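The values are calculated or read from the model by the stated rules, or taken from the named source; none is laboratory data. If you're wondering where the values come from, they're calculated on a predicted model, not measured in any experiment. Cβ sites come from the backbone with ideal geometry, for glycine too, and all protein chains shown count toward neighbours.
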Amino acid sequence: MTRRNAFSLVELLVVLGVIAVVIALLLPVLGRARAEANRVACMSNLRQLLLAQLHYVNDSRGYLTYPNWGNDRRTDDVWPSGWLYTQGKVSEPPSPDDIKTGVLYPYLNDTRVFRCPLHHPDDAATEKGTDRLTSYIMNGAVCGYGVVGHKAAEPVLWMPSWKITDWRRPSEQVLWWEAEETSPGAGWNDGSSYPWENVLSRRHGRGACVGYFDGSVAWMDRLDYVAELQRPGPNRLYCDPHRADGGKSARGPNGQ
């Protein structure tokens with residue numbers, strides 16, 4: 001007689017149990033790997049933006065890009081093109097293609113660089129929010145939190161930002177950070193902010209990427225970010241080089 005070799009029901013259950021255990025062990029590892037890949041991609045995007053910024057500075061006599069401070073609709077001869085878009089040429093609601101009107105796009109030729117892989121245009125806080133364009137926001141210190149070319153007695157409209165050489169600690173002071181809107185019912189309306197207003201993003205969990213004036217990129221924990229907000233200015237976040245407190249008093253006595 002020929003005997004058939006086959007698994008018994010008990011043996012099949014054991015095999016399935018082993019497979020289930022292996023999958024359970026691998027899932028957290030795969031999740032961490034996916035999270036790390038998104039983190040690396042996000043930091044790479046910000047690094048490319050910083051490199052484009054440095055190229056712009058080199059082409060513009062040392063001046064940083066206009067940070068798109070404020071959402072007023074003015075004529076182009078009054079409000080120059082900003083790093084993210086050109087005012088007066090933005091769609092309603094904003095479209096990712098509006099990035100192509102900004103001064104950094106020609107250095108990159110890729111709108112995907114402006115967005116974290118975990119952030120989608122439909123995640124915008126409001127229909128008209130400019131976080132439909134980008135995941136990153138520029139520090140308003142670049143224009144003195146609205147002083148240069150906006151509120152000054154004699155606005156320097158053709159160079160509405162400070163020079164990069166004005167920053168004495170460029171490897172420590174934050175130029176860009178991955179942000180998200182937290183104000184109830186409000187969305188980004190421009191390309192820059194006070195550090196307290198559009199805080200560090202939660203997309204990656206406890207931390208997010210930040211970029212410094214010297215072109216370097218680092219990972220910052222949200223608790224470190226919040227602690228930095230509480231420090232007297234100037235600090236890594238409030239870093240307007242022409243204000244004794246770094247601009248922290250620009251919005252109330254504590255900058256909050």
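Structure data summary
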read-out	value
In segment 103-133, residue modelled with the lowest pLDDT [restricted to those that are of a type in the set (V, I, T) and more than 19 Å from L54 (Cα to Cα)]	T126
Scope segment 85-114; condition buried (at least 16 other Cβ atoms within 10 Å of the Cβ) and more than 21 Å from L64 (Cα to Cα); matching residues	V90, P94
Of all residues in segment 101-141 being of a type in the set (S, T, Y) and assigned to a helix (DSSP H, G or I), the one that is nearest to N38 (Cα to Cα)	T111
Whichever residue in segment 24-66 is out of contact with any Leu (no Cβ under 7 Å at 6 or more places or on another chain) and β-branched (V, I, T) and, among such residues, is modelled with the highest pLDDT	V40
Some residue of segment 174-192 being part of a loop (DSSP other than H, G, I, E, B), within 14 Å of the chain's Cα centre (by Cα), closer than 18 Å to G70 by Cβ and modelled with pLDDT of 90 or more	yes
Qualifying residues in segment 67-79 (those that are under 13 Å from G191 (Cα atoms) and modelled with pLDDT under 80) - the one farthest from the chain's Cα centre (by Cα)	D72
Any hit, segment 159-169, residues being over 22 Å from L49 (Cα atoms) and either at pLDDT 95 or above or out of contact with any Asp or Glu (no Cβ under 8 Å at 6 or more places or on another chain) (or both)	no
